[in-house]
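*Asks:* Below you'll find the structure I mean.
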Amino acid sequence: MKGQSDTNPGNFVKSNGKTQVNYNIASEEITDEHGTHTIWKYDIVEIEGKITKAKVIEAMQKLDVESDSSEIIPQDISTQHSDAKSELALSAIANITYAQADNYIGTNVTDLASARVFLKKLTRVVLAILKRND
């Protein structure tokens, strides 16, 4: 949500059992029929119960996802999901244990070139997971 105020809104406002967390607060000088004055524009998320960093981050991420204005094309989404699944399935590290991962790295990452190869593979797996969950 977006907010605007004639006074500095502060970071937190409690109302109706929820806490409004205000962020990206920016002041702006405007001139209107009443003259020149300062307004504050900001983003808002609402949190129920105790305020925690994790709750605020989750609410901000949810707001970002909901406000995504990119065009929704089912075929593109399907392709992205399919590519992510394929990348994970083809990855040699997708279905191994932590001990096997340690062994794999110890055996296969022995110099800068092999570290680069492993980092590329790891990056592709991370991207596939993120795209699958997006």
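The values are calculated or read from the model by the stated rules, or taken from the named source; none is laboratory data. It should be emphasised that the depicted structure is a prediction, and the values quoted were computed from it without experimental measurement. For neighbour counting, all protein chains shown are included, and Cβ atoms are generated from backbone atoms with ideal geometry for every residue, glycine included.
*Asks:* Of the residues that sit in the range 103-129 and are modelled with pLDDT under 80 and not basic (Lys, Arg), which one is surrounded by the fewest Cβ atoms within 10 Å (Cβ to Cβ)?
*Replies:* Per the stated criteria, the residue is Val126.
*Asks:* Here is a further query. Against the definition (modelled with pLDDT of 80 or more and more than 22 Å from Phe12 (Cβ to Cβ)), how does Ile30 come out, yes or no? Talk me through it step by step, then tell me what you get.
*Replies:* Details: modelled with pLDDT of 80 or more: yes; more than 22 Å from Phe12 (Cβ to Cβ): yes.
Yes, satisfied.
*Asks:* Here is a check on your reading of the model: is Ser82 in the same structural domain as Thr123 (by TED's automatic domain parsing), at pLDDT 65 or above and part of a helix (DSSP H, G or I)? Can you show your working first?
*Replies:* Values: in the same structural domain as Thr123 (by TED's automatic domain parsing): yes; at pLDDT 65 or above: yes; part of a helix (DSSP H, G or I): yes.
For Ser82, the condition - in the same structural domain as Thr123 (by TED's automatic domain parsing), at pLDDT 65 or above and part of a helix (DSSP H, G or I) - is met.
*Asks:* Here's something else I'd like to know. Collect the residues in the range 1-39 that are in a strand (DSSP E or B) and under 17 Å from Lys53 (Cα atoms), keeping them in residue-number order.
*Replies:* Passing the criteria: Phe12, Val13, Lys14, Lys18, Thr19, Gln20, Val21, Asn22, Tyr23, Asn24.
*Asks:* Kindly evaluate Leu90 against the criterion of being farther than 30 Å from Ser15 by Cα, more than 21 Å from the chain's Cα centre (by Cα), surrounded by 11 or more Cβ atoms within 10 Å (Cβ to Cβ) and at pLDDT 85 or above.
*Replies:* So Leu90 fails the test.
*Asks:* Tell me yes or no: at least one residue of the range 45-64 is out of contact with any helix residue (DSSP H, G or I) (no Cβ under 9 Å at 6 or more places or on another chain) and part of a strand (DSSP E or B).
*Replies:* Looking through the range 45-64, none of the residues is out of contact with any helix residue (DSSP H, G or I) (no Cβ under 9 Å at 6 or more places or on another chain) and part of a strand (DSSP E or B).
*Asks:* Considering only the range 1-21, how many residues are without any contact (Cβ under 8 Å) to a residue 24 or more places away in the chain and not hydrophobic (A, V, I, L, M, F, W, C)?
*Replies:* Matching residues across the range 1-21 total 5.
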